[in-house]
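The structure appears below as structure tokens.
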Amino acid sequence: MKKLAIAIAMILSAPVLAESDAATVSAEQSSAANISELSSTADKPNNLYDFIENDKLSGVAYAGAELGGNVLFDDKNNSFEHSYMFKVGADLSYSVTDSFSLLMGGEARYQWVGYDTKVEPINYVDRFVFGAKSAAGVTTFGKQCGIADVYLGFGDISKEHGLSAEADEATCTDEQLNHHYFGENFDIGATWEHSNDAWAVGGSATVGPVVIGGTYVDIAKGEYSTDAKNTNEKVYTIGAVAVFDKFNFAAKYDFADVETMNSANEETTGYALGIAYQATMNLSISSTYNSEEYNFTEVGRSYTEDDWVTIGASYRLNEHLELVTDYKFTSEDDDKLFLRANVSL
């Protein structure tokens, strides 16, 4: 963790995380949160509370919430798509030697999503992992989001409505093996998910003011696939962000190739260009141009190409509360105005 903070955090001006080994499992879910502003899929950092601290055993806990949703225009008659989530989590670390620690952690959530405020809420375990930290990196197994989830969105700096390259069977899954290694100016990781024979590699490297990152995902869709008609899927993404004082300039390219049983391959090609400005210590403004092309149509979508613009902002009132908004327009789909409050206790 200390290596990453020294090598990358200075460039990305990321929030400082707790240095205890117990913080590692939480931080791993978002690549130590140092790329959270450079990726639309990386989790934001949690405020960690140290509740155990001795020579061998350390533990951190956190709690938070995401409150808001999307205002839908045009055909949706200005309806509101609700999305509310409360979370609580904790991570433990036991130091076997100075260079080797055992890790365990988990997170539970309470959530409801939908157009109707009477939609039944759901309770679920979002993360439960165990693993080890050594000089070779951090290895965890269990229910978690791995390297693919972090780097699928790298270089997409929209607040919410950027490119939508998906690889569900390799991102956040119930039985996933994930390994992440941090070098002096780079990080690299790999994920394997056995039920769909899905694997992914990803990472980033820092060269001067430029951070380059991306991922490759390969999925042989099994019986638990989220899209049973498909037989396999490959997703390639690469992104770059140039960091200059208060400005970030970003670019991202992605390509998805889905092999289906009854037709030719379904291919999606997309790219995004973005700029972000840190107006004050607490206020960040960003805008992106996004474009996608498809060689197929599907239910609910008759067009084969789409492009849209986003304008978004985030304002941190204090260490516990951040307000985020993002407006998506010029798309073939309905315009959307995203509104959310991120709470971290």
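The values are calculated or read from the model by the stated rules, or taken from the named source; none is laboratory data. Note that the structure is a prediction, hence the values are computed from the model and not measured. Note that we place each Cβ from the backbone using ideal geometry, even for glycine, and neighbour counts take in every protein chain shown. Please note that ligands, DNA and RNA were not included when accessible areas were found on the heavy atoms of the full protein model with its side chains. Shrake-Rupley method; radii C 1.70, N 1.55, O 1.52, S 1.80 Å.
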statement: With a 1.4 angstrom probe the carbon and sulfur portion of accessible area for the chain, in percent, totals 58
- request: Determine the alpha carbon to alpha carbon distance for each of Lys159/Lys336; Lys44/Lys159; Lys44/Lys328; Lys44/Lys234 and list only those over 18 Å.
  value: Lys44/Lys328; Lys44/Lys234
message: What whole-number volume per residue, in cubic angstrom, does the convex hull of the C-alpha atoms of the chain give?
response: 130
query: Heavy-atom accessible area per residue, segment 74-221, 1.4 Å probe: how many Å²?
result: 46
field: Exposed trypsin sites (Lys or Arg not before Pro) absent: longest stretch of the chain, with sites in DSSP loops and at most 16 other Cβ within 10 Å deemed exposed
entry: 119-228
message: Heavy atoms only, 1.4 Å probe, whole protein assembly: order His179, His82 by accessible area, highest first.
response: His179, His82
field: Magnitude of the charge dipole, the chain, Cβ model with Lys/Arg +1 and Asp/Glu -1, debye to 20
entry: 1100
Calculated from backbone phi, Karplus (6.51, -1.76, 1.60) coupling profile of segment 41-47 in Hz, x at Gly/Pro: 10, 6, 5, 6, x, 9, 7
- request: Determine which residues of segment 104-128 fall in the zone a paramagnetic label at His194 would reach in this model, i.e. backbone nitrogen under 19 Å from the point 7 Å along Cα→Cβ.
  value: 128
statement: Projected onto the charge dipole of the chain (unit charges on the beta-carbon of Lys, Arg, Asp and Glu, signs +1, +1, -1, -1), the Cα from His82, Asn123, Met104 with the largest positive-side position is that of Met104
message: Could you work out [θ]222 nm for the chain from helices alone, using -39500 (n - 2.57) per DSSP H run of at least four and dividing by all its residues? Round to the nearest 500 deg cm²/dmol.
response: -1000 deg cm²/dmol
message: Which GluC sites (Glu not before Pro) in segment 236-345 sit in a loop by DSSP (not H, G, I, E or B) and have at most 15 other Cβ atoms within 10 Å of their own Cβ?
response: Glu319, Glu332
message: Could you compute Rg(Cα) / (2.2 N^0.38 Å) for segment 148-305, with N its residue count?
response: 1.12
message: Full-extension gain between Asn265 and Thr97, please, as 0.36 nm times their residue separation minus the C-alpha to C-alpha distance.
response: 55.4 nm
task: Can you pull the one-decimal nm distance between simple spin-label points at Tyr115 and Ser164, each 7 Å off the Cα toward Cβ?
output: 1.5
